[in-house]
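Below you'll find the structure, written out as structure tokens, and then a few comments.
The values are calculated or read from the model by the stated rules, or taken from the named source; none is laboratory data. Remember, it's a predicted structure, so these values are computed and weren't measured experimentally. Here the Cβ positions follow ideal geometry from the backbone for every residue, glycine too, while neighbour counts run over all protein chains shown.
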Amino acid sequence: MLPLSSDESMSNKIEMNTVRAIRTFPSFPIALVVVGKEEKNIITVSLVHIFSFNPPLVGIGISPCRYSHELLHRYPDFTVNIPSKDLVEETLYCGVKSGKEVDKLEETGLTAISGQRVEAPTLEECPVCFECRKVQNFDTGDHTWFIGEIVSAYVDESYDRERALIYWAGEFRTIGELIRSR
Ligand SMILES: Cc1cc2nc3c(=O)[nH]c(=O)nc-3n(C[C@H](O)[C@H](O)[C@H](O)COP(=O)(O)O)c2cc1C
């Protein structure tokens, strides 16, 4: 196929406001992040990403206006728990209520299991749980990224990635059609 000239390649596109355009990203994974020990809290996070495979580093983007932001600065670690689709109501609840006003563990009935190598607990009902020790944090625009090294990981033997929740633009989904293998 011949390369299109730059004018032709742009022909079907309208210029969009960049702040709106960033929201065209197709989807994000979802994690339930637990932080704290005595005053523990759960926050739903879609800004979650792998920052390194070896060592295994995972980052979470947290807005400074969240109660969890304060806790993430105060405590040395956190856990990243991957919910499956049967936890959609609990996931939404932890993403609309603040731990400043409610005890989300009590309200959702999710079970905190003491961390093995970190202070923060993991969530029994989530099929994948990572215990993360904070190694870095930095501010980017309207979020702070907290980077944690995964120091231990627990995965249900029957874990099915296809049941994991993904999210964007107000919609919870699971992953869809397989197009091809690499
Ligand atoms: C699906 C979903 C994804 C979210 N992702 C993020 C995120 O990545 N970062 C963030 O700071 N807040 C995110 N939020 C909002 C927080 O979860 C929400 O404000 C929560 O009530 C904050 O709890 P806290 O005040 O107890 O920390 C998300 C909410 C939902 C419903």
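Return a yes/no flag: does segment 134-154 have any residue that is within 11 Å of the ligand (Cβ to nearest atom), part of a strand (DSSP E or B) and without any contact (Cβ under 8 Å) to a residue 12 or more places away in the chain.
The answer is no; no qualifying residue exists.
Any idea how many residues of segment 51-76 are away from the ligand (no atom under 16 Å from the Cβ) and in contact (Cβ under 8 Å) with a residue 24 or more places away in the chain?
Final tally of qualifying residues: 4.
Of the residues that make up segment 32-45, is at least one modelled with pLDDT of 95 or more, part of a loop (DSSP other than H, G, I, E, B), within 11 Å of the ligand (Cβ to nearest atom) and of a type in the set (S, T, Y)?
Within segment 32-45 (the criterion being modelled with pLDDT of 95 or more, part of a loop (DSSP other than H, G, I, E, B), within 11 Å of the ligand (Cβ to nearest atom) and of a type in the set (S, T, Y)), the answer is no, since none of the residues qualifies.
Within segment 32-48, identify whether any single residue is surrounded by fewer than 16 Cβ atoms within 10 Å (Cβ to Cβ) and closer than 25 Å to R163 by Cβ, and answer yes or no.
For segment 32-48, residues surrounded by fewer than 16 Cβ atoms within 10 Å (Cβ to Cβ) and closer than 25 Å to R163 by Cβ: present.
Examine segment 145-156 for a residue that is more than 20 Å from P56 (Cβ to Cβ) and surrounded by fewer than 17 Cβ atoms within 10 Å (Cβ to Cβ), and state whether such a residue exists.
Among the residues of segment 145-156, not one is more than 20 Å from P56 (Cβ to Cβ) and surrounded by fewer than 17 Cβ atoms within 10 Å (Cβ to Cβ), which makes the answer no.
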